[in-house]
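The values are calculated or read from the model by the stated rules, or taken from the named source; none is laboratory data. If you're wondering where the values come from, they're calculated on a predicted model, not measured in any experiment. Backbone-built Cβ (ideal geometry, glycine too); neighbour counts: all protein chains shown. All accessible areas refer to the heavy atoms of the entire protein, side chains included, with ligands and DNA or RNA removed. Shrake-Rupley method; radii C 1.70, N 1.55, O 1.52, S 1.80 Å.
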Amino acid sequence: MKVCVIAGLAAMNIAPVPGLLHAAEGAPPARPNILWLIAEDLSPDLGCYGTKEVWTPNLDRLASEGMRYTRAFTTAPVCSASRSAFMTGMYQTTIGAHHHRSHRDDGYTLPEGVKVATDRFREAGYFTANLRALPASFGFKGTGKTDWNFTYAGQPFDSDRWDDLKSHQPFYAQINFHETHRAFHAPAQADPAKVALPPIYPDDPVARKDWAAYLDDASELDRKIGLVLKQLEADGLAENTMVLFIGDHGEPHVRAKQFVYDDGLRIPLIIRWPKALPAPKNFAAGTVSDQLLSALDLTATSLALAGVKKPANMQGRVFLGDQSEAPRQVVFGARDRCDETMFRFRTARDARYRYIKNFMPERPFMQANAYKERSYPVWNLIKELGAAGKLTEWQKNFYLAPTMPPEELYDMEADPYSMTNLVTSAKPEDQAALKRLRAELDRWIDESNDQGRIPEPPEVTARSGATKPANPDGAPKAKKNKKKQ
């Protein structure tokens, strides 16, 4: 019996995991259920990360029961490119999904050998769900967001109903939350006078109110997370379900979302392993890790914990379990067209430094962007205060400069808000970092086959709906799938 099971697993490219044979003989599932909780536009602005004027007891408790990671980064600072990457385990720049909301109607599909993660889970015997229909007692629904920059032929998820989970194990499921994506709607709790407003923004009542509203949405997100975790317990699923909480990219503020500083790429990451299963290698409940992680690694690792052997071409790295790979020394990120606004940034980040290469330095930071002009009050505030001569010297020189530097280097330990460009620093350690990360980035661009080197055809830009966003968040109207999703 055991020999047959092992042979069958090998045929499906599934690696045996501890206890899996017992599951085959009728015991409860030995492979974990996997639940991703995905927030929109959220940096590590939670109580467990030390943020003030935010109330996140449920996520704080999740962190205390699991592992909290302090150096997790997405590969893009905008939702569609980031989600295209972490749902395939591949850089968006490699698979041609790097321009925000491109390829919606032109039939562009993933390159050969690249699959959406849910297809790989299903091949391994997992039920998949993008949960919208949640218990009525919650009083809210999941968004069901996918937002991929490619055409998916078929049905990426088996269900959108929470009620299907208990009878379909093991499962991979995700719940997407709109909170912390503009516009903010949560009840006011944070005191604008007490929030820790980053010095890159004008210390103005408008900026403080806007920052407080963002934190209030993080608190509301936490309330909803709490309902999900409580229901997981009530349904008897918590004991064998791995819970993974992330943001799809960084915070929705002027120099964060759509830009490749830490503010736009660094995300919260909390993982809680189920008590009923042996903890995987490298997991220690109640601890904090400063390991460098890419969002691609979450895909590769979740699949590995489901017993799936990592596909040979997948760019994510496994960091938990028996398939664990060598830790990353550098993580990479990219930004290309967002809505109607074209930039090409590439960045490499190690444990201490962030290096950014700007391929369009002739363009100003605040070049026209209808989405930010419409939705970000501080974007317009900066222009108003600049015209009135009321910005700090740094703010004036950064935001209102007619061009941007072709290269940037920041010491993230000494300068967490990336305000002092060290490209011309006389310190040997800074110059060594510049040389090292510049070389790492050039190598990555070449080895990953960065498609950003090829200009986007104008007809693709026009079809993407980039210049005429139809929804408040800039997204084209979603096409309704008549099938269950």
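The dipole here belongs to the chain: it is taken about the Cα centre, uses +1 on the Cβ of Lys and Arg and -1 on the Cβ of Asp and Glu, and is about 840 debye. With a threshold of 25 Å on the Cα-Cα distance, the over-threshold entries among 145/194; 145/383; 257/357; 145/166; 357/390 are 145/194; 145/383; 357/390. Among residues other than residue 417 with Cβ under 10 Å from its Cβ, the summed charge is -2 (Lys and Arg +1, Asp and Glu -1). Remark: region 250-386 carries a charge dipole of roughly 200 debye about the Cα centre, counting +1 on each Lys and Arg Cβ and -1 on each Asp and Glu Cβ. Between region 321-378 and region 204-256, the C-alpha centres lie 23 angstrom from each other. When only the Cβ of Lys, Arg, Asp and Glu is charged (+1, +1, -1, -1), the dipole of region 321-365 relative to its Cα centre reaches about 240 debye. Placing one equal scatterer on every Cα of region 274-343 and applying the Debye formula, the log10 ratio I(q)/I(0) at q = 0.25 Å⁻¹ is -1.18. Taking one quarter of the surface of the convex hull spanned by the alpha-carbon atoms of region 234-321 gives a direction-averaged projected area of 7.5 nm².
For the chain, what is the mean residue ellipticity at 222 nm derived from helices alone (per DSSP H run of n ≥ 4: -39500 (n - 2.57); sum divided by total residues; nearest 500 deg cm²/dmol)?
The per-residue figure over the chain is -8000 deg cm²/dmol.
Using a simple spin-label model with pseudo-atoms 7 Å out from Cα toward Cβ, residue 359 and residue 136 lie 5.3 nm apart.
Annotation: Cα Rg of the chain relative to the compact-globule expectation 2.2 N^0.38 Å equals 0.96. Each residue, residue 223 and residue 431, gets one label point 7 Å from its Cα in the Cβ direction; the gap between the two is 5.6 nm. Taking other residues whose beta carbon is less than 12 angstrom from the beta carbon of residue 263, and scoring Lys, Arg as +1 and Asp, Glu as -1, yields 0.
How much of the DSSP bridge set in the chain is antiparallel, in percent, rounded to the nearest 5? Counting only bridges with both partners in the chain, antiparallel ones make up about 50 percent.
In region 288-330, a dipole from Cβ-located charges (positive for Lys and Arg, negative for Asp and Glu) runs towards its positive end, and of 300, 312, 329 it is 312 whose Cα lies farthest in that direction. Put one equal scatterer on each alpha carbon of region 71-202, apply the Debye formula with no solvent term, and list log10 I(q)/I(0) at q = 0.14 1/Å to two decimals. For the requested q values the scattering log ratios are -0.80. If we count GluC sites (Glu not before Pro) as exposed when they sit in a DSSP loop and have at most 14 other beta carbons within 10 Å, what is the longest stretch of the chain that avoids them all? Counting at most 14 other Cβ atoms within 10 Å as exposed, the longest clean stretch of the chain is 113-324. If you take all other residues with their beta carbon under 13 Å from the beta carbon of residue 240, and give Lys and Arg +1 and Asp and Glu -1, the sum is +1.
At an R0 of 51 angstrom, the distance between the Cβ atoms of residue 235 and residue 203 translates into a FRET efficiency of 0.60.
With the simple spin-label model, which puts each label point 7 Å out from Cα in the Cβ direction, the residue 370 to residue 424 separation comes to 3.9 nm.
Heavy-atom accessible surface of residue 159, to the nearest 10 Å², is about 0 Å², with a 1.4 Å probe and all protein chains retained.
Gain on full extension, evaluated as 0.36 nm per residue between residue 163 and residue 459 minus their Cα-Cα distance, stands at 102.3 nm. Rolling a 1.4 Å probe over the protein chains gives residue 132 an accessible area of about 90 Å².
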